[in-house]
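Below is one structure, written out as structure tokens; the observations come after it.
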Amino acid sequence: MATVELTLEGIDDCGACATRLEGVLRTHAGVDAVQVSAAGCALLVRYDPELCSPSCMRQATVLATLEFERDFQHEMLDVGGMDCAGCARTIERAVDRMPGVTFASVSFAGARLHVEYRPDVVDAPRIASGVRALGYDVPLPGDPPPGTGTGWSRGQRLTSVSAALMALGIVADLAIGRGLASILLYAAAMAIGGTPIARAGLVALRATHRADIKLLMAIAAIGAAAIGAWTEAALVVVLFSIGEMLERRAAERARRELGGLVALTPATARLRRGDADVEIAVSKLRVGDAVVVRPGERLAVDGTVIEGASAVDEAAVTGESTPADKLPGDGVFAGTLNTNGLLVVRADVAPGDTTLARIARLVVDAQARRAPSERWVDAFARVYTPLVIAVALLVAALAPLLAGVSFDDAFYAALAMLIIACPCALVLSTPASIVSALGRASAAGVLVKGGAQLERAATIETVAFDKTGTLTLGRPRVTALHAFTVTEDELLALAAGVEQGSEHPLARAIVGAAADRGLALPALEGFEATTGLGAAGRIEGRSVLVGSPRMMGIDALPAAAREALAELAAGGATTVLVTRDGQAVGALALADEARPQAAEAVAMLARLGIRHTALLTGDNRAVAETIAREVGIADVHAELLPQDKASVIARLGPGTAMVGDGVNDAPALAAADLGIAMGSAGSATAIEVADVALMGDDPRKVAELIGLARWTRAVVRQNIAFALATKLVALGLLAAGSLPLWAAVASDVGASLIVVANGLRLIVGVPRGRMRSLPILAVPERSSAEASRHEQHHHHDRDRCAASGGP
């Protein structure tokens, strides 16, 4: 059996479509098992390669997708007016119950509804109308998004009028005593502020068959009025309306904070046409267009510099605070800031497929996925709310009969219990924290796939690192040549001739060394690479192999060759053997150097209490141990093939994170509890597949991510404990007869606002305790002084290059 991962395209991240494709492949000839990936964007398929192939399975999924697109329509609708995750669940349940709707998912953080439906049964306007009936603002595609107006919303105006009428009622009570005037003012306040609440609650009850917070508040207000508690009735409506408004503003502020992290691509670009520059919409750019970027402007495309030199601030993508110098041939990303030189960039990808666009999609998807703690809270709320409502009904019905309590007092207590039954603060406790943490991480160039992956990062006890490109710079150089039967130049030419067809870092180093010597590379035929071993090809009709000594077996080598390899390896270098027609002709030594931040990254993990770190590499043990000593890692696993790394991860036990480059380390990343792909900027595969993608090359962010995850876990626990404690205290006060209706409402609203504010600390605050000394994924910002120093340094370098005749 073999295994392949099929990326799903054209299904708009629809869980129903992914499940259908899973069913299609299960019936495909030769397929043994199919599993939808955690992100829902890929299928993991185990199959018999003698009966089918990845290409035929991809063809089957493409045909099935075309069929789905014919039978089902997808729509992504903005939703305004949600103030808690409970609102999102209500909309989701209501839309899911509509005839013709086959899938519905609401992201509270993203304020969006993703719906799949049968166009012959229902359409987008009817779905939007159904959500509007619940009391939310849903513009159709093409309309301006909700909340773009400059004035107060209708709900804010009604809340203000209702509060003013209630205040007048209180003044009338104090001035002339309870009478018709004050009762009419209270009734008007209830009618104006409470009618939308009651209507939305009734619509939600009819659509979902569940009582929501709005219906419970409406019943409490009407019940209080029925027993003559007019002041409390009006206070319930006004306090609840004000609380909803404040919660909505807090949620919108969080969305603005997060939206600003990814909305960095400019709307227009300067396209070079001949000798003229024309400004056009970014959406009209095409691959191959030359785009002019002036100093101080953001880049509109992912591409390659073809003219000019500058320093580009890539913090928006990689999270690195130091601008990167760019020369012709260097790659650049959309959304990054050109600081001080004119650049002409060739567009390499379509505007909607840039790295920043992929980041934006991943951030929105990550916010939409519920974490395990959030699912637990939802499950608890589904039991807690009907239970308390049932107890409230029993109190109203039985207390006057069994305990001798007056009906008015028992009914009043039951109304207070209805308000306490609202789990708003509890439902908000987790998503507010998770979304804030995900936003902070993405702003620092760390993309976490969702709340589940973030919570998993908090449980990590062991971190395993790949070596090349992760703990080292990944730019090895040839340090020694040992020719057996040819000259050194012939040896290097043969090795470079084969490696010219490879993108491996060692291959690039060998080709670069040949170029430095001015050697002409021979023609290569039949290039073939073997992961973890090396490459082979035919040069001048003779078979040449370049790679690990294991490729032909170390024991099969002549004694002199074995001694030469041992001598090179003893110096802590990677050894590469070159054979021609099965005979060893020489060996090369290549050395890489540790990243400047690698030792500090391992030390930061130790400060977090992670004592076990490991190094996994395909290099020889001497090389691995040299790097491990430099960075402070004691557990070294060397000379591993990719599948061997996965086995080591399994032996390291639960709570293991693997940090690698996302390509050669794919089996180990998949085997680990948390796979972290480093240096993922521009890599669509790493962004889509890894649990966590570090866009830059700073390994210290692994410790910062774990620290942020643990801080998030602590904040979530604080919020859950506070929300439950608030309910318990309220129930205790109610049992003692000391909880008026307005206080019950204030406790519910106040607790909701407090857990939201506590969750927002994760995006703007600083942790306490042991983690205070850890830079928890700080959003990189450069002061004007730093920018000025870099500008002077860059101009100095450019002037020096010009003086020497360089570019």
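Tabulated values for the structure
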quantity	calculated
Close pairs from the stretch 434-445: first farther than 18 Å from Leu264 by Cα, partner β-branched (Val, Ile, Thr), Cβ under 7 Å, at least 6 apart	Ile434/Thr712; Ser436/Ile763; Ala437/Thr712
Residue in the stretch 267-286 that is at pLDDT below 85, closer than 30 Å to Ala437 by Cα and either open to solvent by 20 Å² or more (accessible area, probe 1.4 Å) or assigned to a strand (DSSP E or B) (or both) present	yes
Test: residue in the stretch 463-472 that is of a type in the set (Ser, Thr, Tyr), touching a Pro at 6+ places or on another chain (Cβ under 8 Å), assigned to a helix (DSSP H, G or I) and open to solvent by 10 Å² or more (accessible area, probe 1.4 Å)	yes
Residue tally, condition touching a helix residue (DSSP H, G or I) at 6+ places or on another chain (Cβ under 9 Å) and either more than 12 Å from Thr336 (Cβ to Cβ) or open to solvent by less than 50 Å² (accessible area, probe 1.4 Å) (or both), over the stretch 292-313	7
Any hit, the stretch 185-205, residues being open to solvent by less than 60 Å² (accessible area, probe 1.4 Å), among the aliphatic types (A, V, I, L, M) and part of a loop (DSSP other than H, G, I, E, B)	no
Residues of the stretch 6-29 classified as open to solvent by 40 Å² or more (accessible area, probe 1.4 Å) and either modelled with pLDDT of 70 or more or part of a loop (DSSP other than H, G, I, E, B) (or both), total	11
The stretch 191-231, subset modelled with pLDDT under 85 and of a type in the set (D, E, K, R), residue farthest from Leu739 (Cα to Cα)	Arg206
The stretch 480-510 - residue that is in a loop (DSSP other than H, G, I, E, B) and free of Cβ contacts under 8 Å to residues at least 40 places away in the same chain and, of those, most open to solvent (accessible area, probe 1.4 Å)	Glu503
Matching residues in the stretch 401-440 - criterion: being closer than 25 Å to Val237 by Cα, open to solvent by 50 Å² or more (accessible area, probe 1.4 Å) and among the hydrophobic types (A, V, I, L, M, F, W, C)	Phe407, Phe411
Residue among Ala591, Ala513, Ala529, Ala520 that alone is over 26 Å from Thr626 (Cα atoms) and open to solvent by less than 70 Å² (accessible area, probe 1.4 Å)	Ala529
Conditions (1) of a type in the set (Gly, Ala, Ser); (2) modelled with pLDDT under 85; (3) over 47 Å from the mean Cα position of the chain (by Cα); number of the one not met by Ala483	(2)
Matching residues in the stretch 86-123 - criterion: being among the small types (Gly, Ala, Ser) and either in contact with a Phe, Trp or Tyr (Cβ under 6 Å, 6 or more places away or on another chain) or open to solvent by 40 Å² or more (accessible area, probe 1.4 Å) (or both)	Ala88, Gly100
Breaking point among (1) surrounded by fewer than 18 Cβ atoms within 10 Å (Cβ to Cβ); (2) within 30 Å of Glu314 (Cα to Cα), for Leu398	(2)
Among the candidates Leu741, Leu724, Leu762, Leu728, residue that is within 18 Å of Val377 (Cβ to Cβ), open to solvent by less than 30 Å² (accessible area, probe 1.4 Å) and not charged (D, E, K, R)	Leu762
Those residues of the stretch 585-612 which are closer than 23 Å to Glu320 by Cβ, outside any helix (DSSP H, G or I) and in contact (Cβ under 8 Å) with a residue 60 or more places away in the chain, in sequence order	Asp592, Glu593, Ala594, Arg595, Gln597, Leu608
Residue that is modelled with pLDDT under 80 and surrounded by 16 or more Cβ atoms within 10 Å (Cβ to Cβ), where the choices are Asp137, Asp143, Asp83	Asp83
The one condition in (1) part of a helix (DSSP H, G or I); (2) touching a residue at least 40 places away in the same chain (Cβ under 8 Å) that Cys56 fails to fulfil	(2)
Restricting the stretch 164-181 to residues that are open to solvent by less than 30 Å² (accessible area, probe 1.4 Å) and part of a helix (DSSP H, G or I), the residue that is farthest from Gly193 (Cα to Cα)	Ala172
Any hit, the stretch 378-393, residues being of a type in the set (Asp, Glu) and within 31 Å of the chain's Cα centre (by Cα)	yes
Matching residues, the stretch 606-639, being over 17 Å from Gly474 (Cβ atoms) and in contact with a Gly (Cβ under 7 Å, 6 or more places away or on another chain)	Leu608, Ala622, Glu639
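Residue by residue, here is whether (1) among the aliphatic types (A, V, I, L, M); (2) within 30 Å of Ala703 (Cα to Cα); (3) open to solvent by less than 10 Å² (accessible area, probe 1.4 Å) holds:
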| residue | (1), (2), (3) |
| --- | --- |
| Pro558 | no, no, no |
| Ala566 | yes, no, no |
| Ala570 | yes, no, no |
| Leu577 | yes, no, yes |
| Gly582 | no, no, no |
| Ala587 | yes, no, yes |
| Ala603 | yes, yes, no |
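The values are calculated or read from the model by the stated rules, or taken from the named source; none is laboratory data. The model shown is predicted, which means the values in this text are computed figures rather than measured ones. Here the Cβ is made from the backbone with ideal geometry for all residues, glycine too, and neighbour counts use every protein chain on show. Accessible surface is based on the protein model in full, side chains and every heavy atom, while ligands, DNA and RNA are left aside. Shrake-Rupley method; radii C 1.70, N 1.55, O 1.52, S 1.80 Å.
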